[in-house]
Amino acid sequence: MSFKDLGVNPALVKALVAAGIEKPFPIQKATLPDAIAGKDILGRGQTGSGKTLAFGLALMTRLAGKTAESMRPLGLVLSPTRELAMQISDVIAPLSRSVNLNSQVVAGGLSYSKQIQALKRGVPIVVATPGRLIDLINKKHIKLDDIQITILDEADQMADMGFLPDVKKILDQTKAGGQRMLFSATLDRDVDTLVKKYLKNPVTHSLANEKSTAGNMTHHVLVMEQASKDVITASIAARKGKSIFFVRTKHGADKLAKRMNESGVAVGALHGGKTQAQRSKVLEGFKMGKTNALVATDVAARGIHVDDVSLVVHVDAPENHKDYLHRAGRTARAGASGTVVTLATHKQVKGVRGLAARAGVKLLETTVKPMDQGLVKITGAVEPSGVPIVVADSGKSERSGRSGGYRDSRTRGGGKKKKSRPRPNERRKRPR
């Protein structure tokens, strides 16, 4: 079955073919006919299953050729994080031009004035995070009366992040009788309230949720001595192929990235304390292969959409089984295979077993030491070079506005900085 058979606008089909996309994924086959027909959709599916194109193609087909009045968009996609919003836009924006549409990302950390200017010009499709959208609504820079189609992507994460009150305010302001599509990996109590209140007779499509990826994903717990953890983590990061290392805190992410860089492995850190420019640069470097390892907090667990991640490592075990699944969902995407590893000491392994049981995954348990056969076989670990990677102006706070680059200390500027000498007649201030 082709995209044309599913009812996708011919101009969009042509644009897809030009981009090398000819065969629809299962979630696209399942949802597109109903979505294009204007029915409310409840989609349950693994991240990476192709749902962005599933709802995006339906949205663009239904709005094709329509124009929006100033500050009154026609289609709205809500996303929990700005990274995910930007990646959704990256998929939609190039295709939308083929049907005379354009889109705008509305999210914190991006230029406020540019977003307002675009909305004033009139933009049919808005991809937004709830917080920034509410802010623009309150300041009367956008009105949702003309919204014909509303899409909630990663609805369960929006609930987990406390966005439900904002989401409800937004939905209450959209056009009565408009089409609504909700996509979520899980349908717990909070998400279910949205479904019951805002979706009318939704057509449900449940496809390969994150628990059912066992055929493509293997799960391991590597048991080790605490003293060996840093060495083992660095050797895993030095492997061939893309890896994501998850930690619990921003400080922990920066600390681990620094240790890896010092061991000779170029990595980037991604967390909520970085500016948007820093986060974009780190993520772009990871996507383009400038760095093969990424250290991230849970804020990035569903905001990272990179198809060729072959290994996910829980350096710090997640707090609950849902976080485990969201992290694990960064690998084995779009039908590919992947490996998920949790690092644990002998005291921690019991807790990891319980976590995996609640997540519905089968763990393979292996006791490892630095660079032993089991570690190498499971993760592809290799000895790091030991030559430190210098990270310039890495910046740790949202205020710094500076982003860092990676360079080997063997290149220029790798030595220690000279201490500055006081100028003649300059009086030293005594510490108070």
Peptides 22-35, 347-360 ordered by average Cβ neighbours within 10 Å, highest first: 22-35, 347-360
Where nothing but the Cβ of Lys and Arg (+1) and of Asp and Glu (-1) is charged, how large is the charge dipole of the chain around its Cα centre, in debye to the nearest 20? 2200
Sorting His305, Ala356, Gln373 by the position of each Cα along the dipole of segment 304-374 (Lys, Arg +1; Asp, Glu -1; all at Cβ), the one nearest the positive end of that ordering is Ala356
If eta is 1.002 mPa s and T is 20 °C, what Stokes-Einstein diffusion coefficient results for segment 10-208, Kirkwood Rh from Cα pairs, in µm²/s? 129
Reachable lysines, given that their alpha-carbon falls under 29 Å from the alpha-carbon of Lys139 and they are not under 8 places away in the same chain: Lys66, Lys114, Lys120, Lys168, Lys169, Lys175, Lys197, Lys274
What's the percent breakdown of Cα-Cα distances in segment 135-176 across 5 Å bins, shortest bin first? 5, 21, 28, 23, 17, 5
When a/c is below 1.5 the answer is rounded, else prolate if a/b is larger than b/c, else oblate, so apply that to segment 258-299 with a ≥ b ≥ c taken from the square roots of the Cα gyration tensor eigenvalues. oblate
Per the charge dipole of segment 212-392 (beta-carbon charges, Lys/Arg positive, Asp/Glu negative, Cα centre), the residue among Gly264, Gly338, Ala237 reaching farthest to the positive end is Gly338
CD proxy at 222 nm, helix term only [per DSSP H run n ≥ 4: -39500 (n - 2.57); per residue of the chain; nearest 500]: -10500 deg cm²/dmol
In degrees from 0 to 90, rounded to the nearest 10, what is the angle of the helix 250-262 Cα long axis to the longest principal axis of the chain? 50
Over the Cα atoms of the chain, Rg to Rh with Kirkwood Rh, two decimal places? 1.01
Per 5 Å bin, what percent of the C-alpha pairs of segment 1-85 does each bin hold, from zero upward? 3, 13, 24, 24, 20, 12, 4, 1
How high is the relative contact order of the chain, in percent, counting Cα pairs under 8 Å that sit 6 or more residues apart? 16
Globularity ratio of segment 212-392, using Cα Rg and 2.2 N^0.38 Å: 0.94
Could you name the lysines in cross-link range of Lys287, using Cα to Cα under 17 Å and dropping any fewer than eight places away on the same chain? Lys240, Lys242
Got a sec? Charge dipole of the chain, +1 on Cβ for Lys and Arg, -1 for Asp and Glu; which of Ser280, Val390, Leu53 is way out at the positive end? Val390
Taking a point 7 angstrom from the Cα of Asn138 along the C-beta vector, which residues in segment 102-122 have backbone N less than 18 Å away? 106-110, 112-113, 116
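Bear in mind these aren't lab numbers, they're just calculated from the coordinates by the rules spelled out. Since this is a predicted model, take the numbers as computed values, not measurements. When we count neighbours, we look across all protein chains shown, and the Cβ atoms used for this are built from the backbone with ideal geometry, even at glycine.
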